[in-house]
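Please read the structure below before turning to the comments.
None of the figures in this text is laboratory data; all of them are computed from the coordinates on show. Everything quoted here is computed from the prediction, not taken from an experiment. Quick reminder, even Gly has a Cβ in these numbers, built from the backbone with ideal geometry, and neighbours come from all protein chains shown.
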């Protein structure tokens, strides 16, 4: 049985970097944006359309509105997003059958919940100050811009996750292990997660 | 500098057992009910009075009511609880100065936040079904009784923690590491936490 570590993360918490280093350390395959490209190839959709939809749904408020009203009618955006989600789900399930992997985002924890795989679901968070600092350094933006990016991206992630799963994004019970990347640092976080899957 | 691991936990999650085994593994001192006895000895209060107050405040709703109204007047219960909290705080700070320790509950994460100590704050949770099962086995009660115990005890813990700290009980960002004891089992949880303090 293959092992898959899924990583949910607050924006700016370093979750993606932790995922990448973890995959290197364990010699697992790392999946992130690559997944979108795979989905495009498999489903015959254009890379551009998929890239635009991606985890950042074109209009995330539609999810919330639909969820609240129970409305199931669709428009072009929702249709594209649902097609993408369905394609990604199939690809994520195929990965889990065939290789040990680290998968960042994409509701992969939820998609794999009933599959034959040893699954470890991790969530990475950090205090807002630490995330702002990280984003300012990496993206060369102001403090105010970093704050805006955090708010916007975390809202989008929550929206996407809460719409496609029956769990709550960033709620500890949605994951097996939750850790503060600022308290431990990237390398130590990687060590702790590696110990958990060992 | 000494190392202290604090453990917050949902009722029935096995957090206390994890704390005890962790202390054994690391050769740290374990603190739990013993703390109350120490507090009693130090402060000259009767064991019985302290045992009754303990973490299970005599009337936890008083905390919530006081917190909401900003009321600062006291009655006998609040007075006893505040005296106990103050005594325990001093004892917990003394422990952190003098020995490596694992401390379960008592808002010890918050009490030690500004002390000279390497602090690791852990929260242990588990799905309700797993906790019910654990409580039924250990306490020889029915499923319904187990559910009642979970509700009552978790409410009391939340009430106590949220009153005495400026953090939220069981919210992941109140801790460095949060883990699901049912997913990992007691021994594996101990290993993961030991890795985190290593």
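What is the fewest-to-most order of B:147, A:139 by other Cβ atoms lying within 10 Å of their Cβ?
On the way: B:147 17, A:139 11.
In order of increasing Cβ crowding within 10 Å: A:139, B:147.
Based on the Cβ-Cβ distance of residue A:116 and residue A:168, what FRET efficiency does E = 1/(1 + (r/R0)^6) give at R0 = 30 Å, to the nearest 0.05? Please list the in-between numbers first.
Values: r = 26 Å, r/R0 = 0.86.
The pair residue A:116/residue A:168 has a calculated efficiency of 0.70.
Across peptide B:169-177, how many C-beta atoms of other chains are within 10 Å of each residue C-beta, on average?
Working: counts 0, 3, 3, 10, 9, 0, 5, 6, 8.
Per residue, the average neighbour count from other chains is 5.
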